[in-house]
Amino acid sequence: MKKIAQGAEAVIYLKDNKIIKERIKKTYRHEDIDKKIRKKNTRFEARLLKKVAGIIPVPKVLNHCDKAMLIEMEFIEGKKLRDVVNEMSKDERKKVFKRVGKKVAKLHNNNIIHGDLTTSNMIIREKIYFIDFGLGFISTKVEDKAVDLHLLKQALESKHHEHFEEIMDAVMDGYKEEIKEFKMVHERLMKVESRGRYKKKPN
């Protein structure tokens, strides 16, 4: 079993061409409480992935074990979108990120919030797969959908600043085509961004 990634919440292993995601023990929490939280989060993420699989491409859940806090998923062979943005032509980038925007909208139409929308959590092959729903949740709130978009916007600006405007425009074009409540989400996104700018102002 080969360790291929580690985040704040989980360690990712590759074994027999399958992904094993193991929730990390939090030593600052009481042991019994920690186990309950990790079991609950493991169960929820597995269920969420199964639900999302009927909406957009994601890794298929093969098995999950609450007791061991493990989720076993298919391994998606491809490149992270993060690593190929600069290799694309301008037209390719626009097409790809428009598809990204449509996929985010499909999630939001089903009241699913990804919680960590970055190009590191997107794998591109003939399809674009979204991965890592560890921070995902269900919400009907326009605010949560706007914040999800805002976090994606921040991630794109930080990681792909040289192409930021064109790819964010493409994301929003795709999102607008697919989302059921564009005006409400867009207006709330503007409010979320204005709050962020206000917080950054010096005293």
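Cβ-Cβ distances below 7 Å connect no pair with a first residue in the range 100-122 that is not assigned by TED's automatic domain parsing to the domain that holds Gly7, a second residue that is part of a strand (DSSP E or B) and acidic (Asp, Glu), and a separation of six or more residues or different chains. Glu126 falls short on exactly one of the conditions (1) touching a residue at least 12 places away in the same chain (Cβ under 8 Å); (2) not in a strand (DSSP E or B), and that condition is (1). Exactly one residue out of Gly134, Gly115 is part of a loop (DSSP other than H, G, I, E, B), touching a strand residue (DSSP E or B) at 6+ places or on another chain (Cβ under 9 Å) and either of a type in the set (Val, Ile, Thr) or at pLDDT below 95 (or both): that is Gly134. Determine if the range 58-68 includes at least one residue that is closer than 24 Å to Arg23 by Cα, within 16 Å of the chain's Cα centre (by Cα), touching a residue at least 24 places away in the same chain (Cβ under 8 Å) and assigned to a helix (DSSP H, G or I). So far as the range 58-68 goes, no, none of its residues is closer than 24 Å to Arg23 by Cα, within 16 Å of the chain's Cα centre (by Cα), touching a residue at least 24 places away in the same chain (Cβ under 8 Å) and assigned to a helix (DSSP H, G or I).
Residues that are crowded, with 17+ Cβ neighbours inside 10 Å, in contact (Cβ under 8 Å) with a residue 12 or more places away in the chain, on the phi < 0 side of the Ramachandran plot and small (Gly, Ala, Ser) occur in the range 137-147; there is at least one. Considering only the range 36-51, I want to know if a residue exists there that is over 15 Å from the mean Cα position of the chain (by Cα), in a loop (DSSP other than H, G, I, E, B) and under 14 Å from Lys21 (Cα atoms). Within the range 36-51, not a single residue is over 15 Å from the mean Cα position of the chain (by Cα), in a loop (DSSP other than H, G, I, E, B) and under 14 Å from Lys21 (Cα atoms).
Among the numbered conditions (1) under 17 Å from Asp66 (Cβ atoms); (2) exposed (fewer than 13 other Cβ atoms within 10 Å of the Cβ); (3) not acidic (Asp, Glu), the only one that Ala10 does not meet is (2). Pairs meeting the criteria (first residue in the range 148-164 and outside any helix (DSSP H, G or I) and modelled with pLDDT of 95 or more, second residue surrounded by 19 or more Cβ atoms within 10 Å (Cβ to Cβ) and not charged (D, E, K, R), beta carbons under 9 Å, at least 6 apart or on different chains) are His160/Val85; His160/Thr119; His160/Ile167.
Suppose we filter Val85, Val52, Val58 for residues that are in the same structural domain as Lys159 (by TED's automatic domain parsing), of a type in the set (A, V, I, L, M, F, W, C) and buried (at least 19 other Cβ atoms within 10 Å of the Cβ); which single one remains? Talk me through it step by step, then tell me what you get.
Values: Val52 fails: in the same structural domain as Lys159 (by TED's automatic domain parsing); Val58 fails: in the same structural domain as Lys159 (by TED's automatic domain parsing).
The conditions single out Val85.
The values are calculated or read from the model by the stated rules, or taken from the named source; none is laboratory data. In this text the structure is predicted, and so the values were computed from the model without any measurement. Cβ atoms come from the backbone with ideal geometry, glycine included; neighbour counts cover every protein chain shown.
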